[in-house]
Amino acid sequence: MLFEQQKKTQVNLNNLHSLVIEAVEKPLIELSLSSCNGNQLKAAKLLGINRNTLKKKIDNYKIAVKNRKKPRPS
């Protein structure tokens, strides 16, 4: 009985970690993208992660990314 309760507590703690990460990570990604004007490379550098990792997280969290406007050549 005690072993089963400890096992459930461990599972809940593991799930808690995932829930906290998800709750914090999505707003941070959205904020970094906003502050970098949608530039994913700059946002990834700001977050300290690889651009491909950021793209996976954007897809995973279904974050809408506005297309940043590229300056037109003169």
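Here are the numbers for the structure shown:
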| item | result |
| --- | --- |
| Single residue of ASN52, ASN67 found to be modelled with pLDDT of 70 or more, polar (S, T, N, Q) and surrounded by 10 or more Cβ atoms within 10 Å (Cβ to Cβ) | ASN52 |
| Qualifying positions in the stretch 8-43 - surrounded by 13 or more Cβ atoms within 10 Å (Cβ to Cβ) and within 14 Å of ILE63 (Cα to Cα) | GLU25, LYS26, LEU28, ILE29, GLU30, LEU31, SER32, LEU33, GLY38, ASN39, GLN40, ALA43 |
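The values are calculated or read from the model by the stated rules, or taken from the named source; none is laboratory data. Everything quoted here is computed from the prediction, not taken from an experiment. All Cβ positions, even for glycine, are placed from backbone atoms using ideal geometry, and neighbour counts span all protein chains on display.
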